[in-house]
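Reviewing the structure listed below.
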Amino acid sequence: MMPTSFMDSTHVEKILLLLEKNRWDSRDTWRGVATALKNEYGEAYKALWKQMSKVSPRYDEEDAEKIWDTVGRPDYDGPKMTMKSVVKWAGEDDPCGYAVYRAYSIPQIVRDNWDKGDRGLGEIMHYLMKGTLKKTGKRCRDYYILDEDTCRWVSVEDGWVKNVASKVLEGMLRDVDLWLSTQAAQLCIGKEEESRSKEDLDAKKKEVARLIRYIQSSRGVKNTMDFAGPLLIDETFEKRLNFIGEPKKVTDFTRQYLAEQDGVQAFLAENCEFAEEFRESSVALFHMYLEESGDSNDREKWFHGQMKNKGFVKKVLQIKGKSTRGYMGLRLRHDE
């Protein structure tokens, strides 16, 4: 499944729509949704949360404002409510709808690389875990993983990392299998070309099943991590995190790190629309980011790196009749 930190406004809204009405009636879960949204996206989804909350007859505008203002306090140092909990509720409340959501929320980098062997699986692993897993140390053999419940980086053993990698990739491959199944279900069998399409989809589903067995084996996960490991190396990470064991400093470092990672996500949620047919110039997107964030002009390479991490790959596209480098799947909002 798509990591929650990569969710855009379309995905967030779809997850909220899967929640049962009693989630909005219960003050605990209603508040929990607000807390998760604010912890991960700041003010970006306040209006959406209030709009969705109106499904409950108990909704009160003044109370909603008060709840939103009190959740997600930056000085709170305990376990944080995240969108992972909300996604879990969505799966419990509407299993069928959630399965369809998972099938169609697969990042493009996964669709492009799942059948590209160990290298492809390694690139997917790097994409899925880059924000929460670091490889560092004198010989670049040490792993740190972000414990999202405590918002702290924790040193972990190589064997533990391989176990996590196996489960993460298996989950994503099962989503690919579901995506292929939904495509197969849409085919009207009878015409020759449609029959060939079904045979192709059946062959891909068999390959997914083989890859799941492969990634469950020690050899498969080792081969995948041989490609993913070098991509996860951050040689300066341990130096910046040289105060391991001092909880407050670790938490402060993590918050600073996550704030930098989430800055582009917040910008996209506030300023972009998302659909498969949309296109946007990379130059226009970066200039709008500078205007909104006040960041420095020398951050362009970093910005486009963050876009790539979120599954948006810069390509030469036809935009307004001209060939230009840009991104597929989104466009800037323009005020009427």
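Looking at the square roots a ≥ b ≥ c of the eigenvalues of the Cα gyration tensor of the stretch 25-166, which shape do they give, rounded for a/c under 1.5, prolate if a/b is larger than b/c, or oblate? Here the stretch 25-166 falls in the oblate category. When the Cα gyration tensor is reduced to axis lengths a ≥ b ≥ c, the ratio a/c is 1.5 or higher for the stretch 25-97, and with a/b not above b/c it is classed as oblate.
Here the label points at Val313 and Tyr59, each 7 Å from Cα along the C-beta direction, are separated by 4.1 nm in the simple model.
Readers should treat all values here as calculations from the given coordinates under stated rules, not as data from a laboratory. Only a predicted model underlies this, so the values are computations on that prediction, with no experimental measurement involved. As a convention, Cβ positions derive from the backbone with ideal geometry for all residues, glycine included, and neighbour counts pool all protein chains shown.
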